[in-house]
1. Considering each residue of the stretch B:393-424, count those that are within 12 Å of chain A (Cβ to nearest Cβ), modelled with pLDDT of 95 or more, under 23 Å from residue B:196 (Cβ atoms) and not in a strand (DSSP E or B), and give that number.
2. Filter the stretch B:158-184 for residues that are part of a strand (DSSP E or B) and at pLDDT below 95; which is farthest from the other protein chains (Cβ to nearest Cβ)?
3. Could you go through the stretch B:405-416 and let me know if any residue there is surrounded by fewer than 20 Cβ atoms within 10 Å (Cβ to Cβ), assigned by TED's automatic domain parsing to the domain that holds residue B:189 and in contact (Cβ under 8 Å) with a residue 60 or more places away in the chain.
4. Out of A:167, A:197, I need the residue that is touching a strand residue (DSSP E or B) at 6+ places or on another chain (Cβ under 8 Å) and either under 29 Å from residue B:364 (Cβ atoms) or in contact (Cβ under 8 Å) with a residue 40 or more places away in the chain (or both). Which one?
5. Please enumerate the residues belonging to the stretch B:234-250 that are closer than 24 Å to residue B:190 by Cα, at the interface with another protein chain (Cβ under 7 Å from one of its Cβ atoms) and buried (at least 21 other Cβ atoms within 10 Å of the Cβ).
6. Identify the single condition in (1) closer than 23 Å to residue B:387 by Cβ; (2) surrounded by fewer than 23 Cβ atoms within 10 Å (Cβ to Cβ) that residue B:253 does not satisfy, given that it satisfies every other one.
7. Suppose we filter A:163, A:193, A:179 for residues that are away from every other protein chain (no Cβ under 14 Å) and surrounded by 15 or more Cβ atoms within 10 Å (Cβ to Cβ); which single one remains?
8. Which numbered condition trips up residue B:320, out of (1) outside any loop (DSSP other than H, G, I, E, B); (2) within 17 Å of residue B:261 (Cα to Cα)?
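The values are calculated or read from the model by the stated rules, or taken from the named source; none is laboratory data. This is a predicted model, so every value here is computed, not measured. Methodologically, a virtual Cβ is constructed for each residue, glycine included, from the backbone with ideal geometry; neighbour enumeration extends over all protein chains shown.
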């Protein structure tokens with residue numbers, strides 16, 4: 001185990017460095033060449049996350065979360081009750097809720113849904129079909145193979161297009177494990193498309209686990225709809 | 001005590017015994033964790049309204065009593081015949097009566113308006129008497145705005161717990177969770193009793209599985225930056241400022257900061273399948289912890305920081321495994337059933353909670369000791385239970401369940417008693433994470 005770990009550690013660190021360094025410079029070049037996208041990136045950065053760390057890899061400028069860096073008194077403050085008696089008043093403590101002052105910026109919140117609608121519309125127009133899975137399974141059924149043959153024909157006929165496979169699960173099981181299962185389903189779909197001759201680079205995968213169900217009732221017919229590899233047309237890079 | 005534990009640990013290390021090492025955190029806690037611990041009977045005389053809004057005294061009293069009940073350190077004793085008018089009378093025969101009723105601690109307070117302070121217009125005095133005595137043995141005056149009235153009662157309850165056990169109470173702890181907002185799922189934080197929910201993100205898509213930093217300043221969570229990749233983000237509660245910690249591509253889920261805050265453990269599929277990694281939050285160095293063709297996820301740190309529990313489907317269905325903090329010494333912990341996932345190591349170190357699939361194919365909460373010797377099923381009945389998370393005192397768990405239809409958040413004692421639903425608004429609340437104590 002130890003040896004294996006050491007073996008992985010060196011190339012992985014190298015990979016992270018390689019990803020991080022040129023990732024940033026590439027981004028700068030892109031920004032220079034396309035004023036609009038650079039402006040967009042900056043807006044998104046301020047609304048959602050620190051723009052300096054969105055280039056891929058591991059963030060370099062987030063604050064240290066070590067407890068040792070904190071003033072021990074800053075988070076505690078439990079001094080216990082005062083000993084009072086003989087008509088004395090207890091000491092006064094100011095109670096504040098100051099640690100919860102975050103302001104929301106909902107200005108970007110509609111953007112994702114607009115993009116989803118456009119992906120879905122493109123998939124509907126192309127007549128793409130989804131794949132459905134058995135409980136606990138990521139094996140592609142005969143019916144699923146037929147659906148994917150049709151999807152493969154479409155992508156081969158549309159040279160510029162890319163697909164995205166969303167892996168979905170029913171509500172049973174844990175949220176976390178269903179994300180892993182959803183990814184296995186999405187990758188099983190991609191692998192079968194590749195077997196059919198589609199270039200892997202034209203098929204992206206994403207897992208939504210049980211977080212974006214198609215159907216919200218609690219019965220098997222609904223669960224069956226949610227165990228799905230949902231095939232959509234990728235509308236943005 | 002501490003010395004004895006150290007000697008034991010040294011012995012264990014010397015003879016090379018692999019197995020369960022008592023967490024370093026256990027010897028911090030006092031007698032309230034012992035199985036033979038007798039709850040301290042408390043009589044709450046009440047919170048007298050002394051010129052505040054009509055609801056003030058009653059609300060403070062209600063919050064205080066709930067906190068005292070949930071502390072599991074105290075038990076509430078009825079103190080009939082004791083009115084506010086009696087409190088100031090010394091000597092007070094009613095106090096003797098209350099002591100004879102079994103109350104070994106008496107609590108009363110008064111609350112009203114505070115003049116001449118625009119930021120703190122409410123004032124509450126809390127007093128403690130030892131049973132049978134006429135003398136005040138402790139007290140504090142809390143001042144603040146009317147928006148922190150519940151917090152004043154929580155503060156007083158925590159100080160009562162601290163006075164009698166030496167432990168911080170949980171009444172001012174928070175629960176982070178995910179709530180459905182239209183088509184999106186966003187992060188929220190609420191008080192431990194389900195009150196004062198507050199929305200933290202408004203990205204309009206998916207933010208999942210929050211976990212606290214040990215100093216309670218930050219949450220780490222999975223953020224769908226766009227619809228194609230998941231990153232691991234961190235948000236500062238006080239400011240709403242956000243950082244991307246991990247943006248490797250693929251699935252990046254189940255982040256968990258170590259008890260000292262020095263490492264972020266998480267699962268990522270960027271090298272193929274889901275594996276566990278740890279990021280040093282000081283040097284920003286990334287280290288891979290698992291190497292296996294199946295899915296590894298959901299790391300949960302032991303309170304000592306020396307070990308982690310995690311879920312892996314390397315044996316078929318998901319099971320709980322343990323490993324050392326450097327990724328070595330991986331061994332399987334659960335063997336019953338074909339689906340055990342979402343482990344959560346108790347802050348006292350003595351239990352690991354997880355989601356177990358029962359023979360009836362129901363997803364319920366189970367507990368297992370880290371040596372695998374003892375196992376109990378904690379919840380039963382219909383509904384999918386998910387995402388167990390421990391209270392900082394290790395006496396309660398919070399989790400999500402669909403027992404009432406849609407997913408909501410519930411609290412339960414570690415002994416399976418006092419199941420209590422704590423979210424009532426919103427159509428879908430999930431992924432609760434209990435904060436450390438303040």
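1. Matching residues across the stretch B:393-424 total 1.
2. Checked the stretch B:158-184; the qualifying residue farthest from the other protein chains (Cβ to nearest Cβ) is B:181.
3. Step one: list which residues in the stretch B:405-416 are surrounded by fewer than 20 Cβ atoms within 10 Å (Cβ to Cβ), which gives B:405-406, B:413, B:415-416.
Then keep just the ones that are assigned by TED's automatic domain parsing to the domain that holds residue B:189; that gives B:405-406, B:413, B:415-416.
When the remaining residues are screened for being in contact (Cβ under 8 Å) with a residue 60 or more places away in the chain, the result is B:413.
Yes, the stretch B:405-416 contains a residue that is surrounded by fewer than 20 Cβ atoms within 10 Å (Cβ to Cβ), assigned by TED's automatic domain parsing to the domain that holds residue B:189 and in contact (Cβ under 8 Å) with a residue 60 or more places away in the chain.
4. Numbers: A:197 fails: touching a strand residue (DSSP E or B) at 6+ places or on another chain (Cβ under 8 Å).
Exactly one residue qualifies, and that residue is A:167.
5. B:234, B:237, B:242, B:243, B:244 - these are the residues of the stretch B:234-250 that are closer than 24 Å to residue B:190 by Cα, at the interface with another protein chain (Cβ under 7 Å from one of its Cβ atoms) and buried (at least 21 other Cβ atoms within 10 Å of the Cβ).
6. Just one mismatch for residue B:253, condition (2).
7. On the way: A:163 fails: away from every other protein chain (no Cβ under 14 Å); A:179 fails: away from every other protein chain (no Cβ under 14 Å).
Every option except A:193 fails the conditions.
8. The one condition residue B:320 does not meet is (2).
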